[in-house]
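Step one of this worksheet: look at the structure below.
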Amino acid sequence: MLLLAVSALVQAQMHNPVKWKFEGKSTAAGEGELVITATIESGWHLYSQFIDAGGPVPTSFKFEKSSDFELVGKVKEITPVTKGFDKTFNMNIAYFSNKAVFVQKVKLKKPVITAKGSIEFMVCDDEQCLPPDEASFSIVLKDTHTKEEVPEATKPEEKTDTVAVQPVADTLQTNTDSLESKQDTTSVVSPTENNGGGASATGGSSLWAIFLGGLLGGFAAFFMPCIFPMVPFTVSYFTKSSEKGSGIGKVFIYALSIIVIYVGVGMLISALTPPDTLNDLATNGIFNFFFFALLIVFAASFLGAFEITLPSSWVNKMDAKGNSSGLLGIFFMAATLALVSFSCTGPIIGTLLVEAATKGQILGPTIGMLGFAIALAVPFTLFAMFPSWLKSMPKSGGWLNSVKVVLGFLELALALKFLSNVDLAYHWDWFDREVFLVLWIVIFGMLGFYLLGKLRFPHDSEVKSVSVFRLFLSIIVLSFTVYMIPGLWGAPLRSIAAFLPPQHTQDFDLHTRSLGTTASFPTSDAPATRKYSDIFHAPLNLNAFFDYEEGMAYAKKVGKPVILDFTGHTCVNCRKMEADVWPNADVLSILNNDYVLIQLYVDDKTELPANEQYTSTFTGKKVKTIGNKWSDFQASNYHANSQPYYVLLDNEGKTLVAPQGANYNVGEYVAFLRSGLEKYKAK
């Protein structure tokens, strides 16, 4: 059929043609039956347990082992089976219509037992099939033929469990790019200014990081329950329902349509959101808290708490247009796929857009969606070009839900970063480094145990044995968990330091106390009280000023050049520089002894006194906070708003060399600092 794959996806999201009823019956002393009844909607077929190879997924039953009872024989099909030609699979198949009753006999070893397990099944009508699905059950059976009295406290309620089968869990996430290095905001350096490549280079790497994050998100979405099982049906339509050679051409158009749709979404967001607004998102406390809450919702969806779907009327309209012939019909097929798979792809797309937007790159959302769409479209194209690959595809099953749950854990971990941003910007001082690390240790520890099958969620299948892949993955996750534990006592954890709250928020820090750094200015010359030193703290025990005028006055007094560090609480690259580059002995020595360090936080939300507030002549905006002041100062004087942004000045305020942004090459950064010293000494 024209929309075999897409229609099946629509039904999986909107339709539920089978309802299951479970009950236990006592048949004799020490014996009973577990009765499983399927009520099937008119026009749909549930398949027998006994299906020849090449047909649909047969109905199968799994029972958890228990010492309370013993299975006697196999599950019997009580309802007469119908055997007939199924045109969907082009073969004779045994199936049930309207109703199917299955019975499993058991031998009881206790007066009251609870039998747990799951059913794997597949349903089709005359035109389409739904993805293979699972239903879990828990059946209480009481031995009413045994004279032994059951204690009152252990008597279960006499009731029948009725379960409406829901589609296989279908949301996923991740931003698997969460541990990648990213630039926090966009550079707007004037064309006439020599930027030295620093800011622009990191801006470019940020776009590449966003693109790679989109690719990873797209590949993750492909393995979701509402997309992966339908690949064979979609590919079969393009390869079998068209003239030889034209099917591959149509699948190329289908893939291109997917790319156009998702990139269009990214372009729309980029067009509607000005660059300065994107930059503000990275530092705005309200938006960061909103993003935190949003990612928690996504994580809950991934873990199976609920399903995020779009209105069915949207899907129906797209599906109807998809029946059109020609290129327009193929485009609407792709649009229908985008809508019906939203419960799977929505959280991933949402996370990608949040990450892209808060990096401040105007093209970020577009580039992210480009990567996502390419990763989602390429597999359809490859399988259409090489249909024999379909035979090697793994069978749909519980592992699809495991992918979703894993990314749910990653969403939880990522959400904490946004909450930390709010805490730092508003100086709440309750979400410190230890609290953050404890939560990450617990989250990744639980993920490791989940991969080993020690934790199960409602939609999960029982893990009877651990595959080699899951074992290796659990080793990596649990090793990462152990790696973080020393951080509770101040270990720098340099590989993830960019995502942690700053070291100064650590209450008990053995590492910082052991650094033994040298003060950058003599005590006799240091100001008794430095402005803002009660709310800002320099990394690595460095002594720094947090006010430009005060720092420049001191630099003039001691005859040293200045390094202006435009930084931010929410700046990932700032933390990475402070964790990976600044601890180097040469860098630390230069910062301690040769420069006066002035750190200016552009995202701090502390309000300025009323007499210090003003309207910027550069942007026309009201400057109310410390962050507003230094952000305006950076933009108006250096025509840049990226962080980190390092400016080397003499003590008169004149730029010594071209400023630069993040540079993780220690040798190049040392050369940058020394070039400023040489220029200062040559004056």
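If you take just the strands (runs of 3 or more DSSP E) that sit entirely in region 17-70, which of them hold at least 1 residues that are touching a Ser or Thr at 6+ places or on another chain (Cβ under 6 Å), more than 22 Å from Glu134 (Cβ to Cβ) and open to solvent by less than 70 Å² (accessible area, probe 1.4 Å)?
Numbers: elements: 18-28, 31-40, 45-47, 60-63.
Per the criteria, 18-28, 31-40.
What's the number of the condition Ser636 fails, among (1) in contact with a Ser or Thr (Cβ under 8 Å, 6 or more places away or on another chain); (2) free of Cβ contacts under 8 Å to residues at least 40 places away in the same chain; (3) farther than 17 Å from Asp547 by Cα?
All conditions pass for Ser636, except number (3).
Do you know which of the residues in region 98-126 that are open to solvent by 50 Å² or more (accessible area, probe 1.4 Å) and under 21 Å from Pro17 (Cα atoms) is modelled with the highest pLDDT? Explain how you work it out, then say what you get.
First, the residues of region 98-126 that are open to solvent by 50 Å² or more (accessible area, probe 1.4 Å): 98-99, 105, 107, 109-110, 114, 116, 126.
Those still in the list that are under 21 Å from Pro17 (Cα atoms) too: 98-99, 126.
Values: Asn98: 89, Lys99: 92, Asp126: 69.
Ranking the candidates gives Lys99 first.
Could you check, for region 386-396, whether at least one of its residues is modelled with pLDDT under 75, over 17 Å from the mean Cα position of the chain (by Cα) and crowded, with 20+ Cβ neighbours inside 10 Å?
Restricting attention to region 386-396, the residues satisfying the condition of being modelled with pLDDT under 75 are 386-396.
Adding the requirement that they be over 17 Å from the mean Cα position of the chain (by Cα) leaves 386-396.
Filter again for crowded, with 20+ Cβ neighbours inside 10 Å, leaving 396.
Checked region 386-396: at least one residue is modelled with pLDDT under 75, over 17 Å from the mean Cα position of the chain (by Cα) and crowded, with 20+ Cβ neighbours inside 10 Å.
Given the criteria of a type in the set (D, E, K, R), under 30 Å from Val602 (Cα atoms) and buried (at least 21 other Cβ atoms within 10 Å of the Cβ), does Lys404 qualify? Break it down into steps so the answer makes sense when it comes.
On the way: of a type in the set (D, E, K, R): yes; under 30 Å from Val602 (Cα atoms): no; buried (at least 21 other Cβ atoms within 10 Å of the Cβ): yes.
Taking the combined requirement at face value, the residue does not satisfy it.
Just need a number here: residues in region 428-454 that are open to solvent by less than 60 Å² (accessible area, probe 1.4 Å), within 30 Å of Asp133 (Cα to Cα) and outside any helix (DSSP H, G or I). Working first, answer last.
Here is the first cut: in region 428-454, the ones open to solvent by less than 60 Å² (accessible area, probe 1.4 Å) are 431-437, 440-441, 443-445, 447-448, 450-453.
If we keep only those that are within 30 Å of Asp133 (Cα to Cα) too, we end up with 443-445, 447-448, 450-453.
Those still in the list that are outside any helix (DSSP H, G or I) too: 452-453.
Here the count works out to 2.
Looking at (1) touching a Ser or Thr at 6+ places or on another chain (Cβ under 7 Å); (2) within 29 Å of Ser675 (Cα to Cα); (3) surrounded by 16 or more Cβ atoms within 10 Å (Cβ to Cβ), which one does Asp650 not meet, given that it meets all the others?
Of everything listed in (1) touching a Ser or Thr at 6+ places or on another chain (Cβ under 7 Å); (2) within 29 Å of Ser675 (Cα to Cα); (3) surrounded by 16 or more Cβ atoms within 10 Å (Cβ to Cβ), Asp650 misses just condition (1).
Regarding Ile253, is this residue in contact with a helix residue (DSSP H, G or I) (Cβ under 6 Å, 6 or more places away or on another chain), open to solvent by less than 50 Å² (accessible area, probe 1.4 Å) and modelled with pLDDT of 80 or more?
On the way: in contact with a helix residue (DSSP H, G or I) (Cβ under 6 Å, 6 or more places away or on another chain): yes; open to solvent by less than 50 Å² (accessible area, probe 1.4 Å): no; modelled with pLDDT of 80 or more: yes.
Against the criterion (in contact with a helix residue (DSSP H, G or I) (Cβ under 6 Å, 6 or more places away or on another chain), open to solvent by less than 50 Å² (accessible area, probe 1.4 Å) and modelled with pLDDT of 80 or more), Ile253 does not qualify.
For residues that are modelled with pLDDT of 75 or more and not acidic (Asp, Glu), scanning just region 503-535, find the one that is nearest to Asp432 (Cα to Cα).
From region 503-535, those modelled with pLDDT of 75 or more are 531-535; that's our starting set.
Among the residues that remain, those that are also not acidic (Asp, Glu) are: 531-533, 535.
On the way: Lys531: 23, Tyr532: 19, Ser533: 18, Ile535: 14 Å.
Checked region 503-535; the qualifying residue nearest to Asp432 (Cα to Cα) is Ile535.
The values are calculated or read from the model by the stated rules, or taken from the named source; none is laboratory data. Predicted model, so just to flag it, every value in this text is computed and none were measured. Positions of Cβ are generated from backbone atoms using ideal geometry, with glycine treated the same way; all protein chains shown enter the neighbour counts. These area figures cover heavy atoms from the full protein model, side chains too; ligands, DNA and RNA do not enter into them. Shrake-Rupley method; radii C 1.70, N 1.55, O 1.52, S 1.80 Å.
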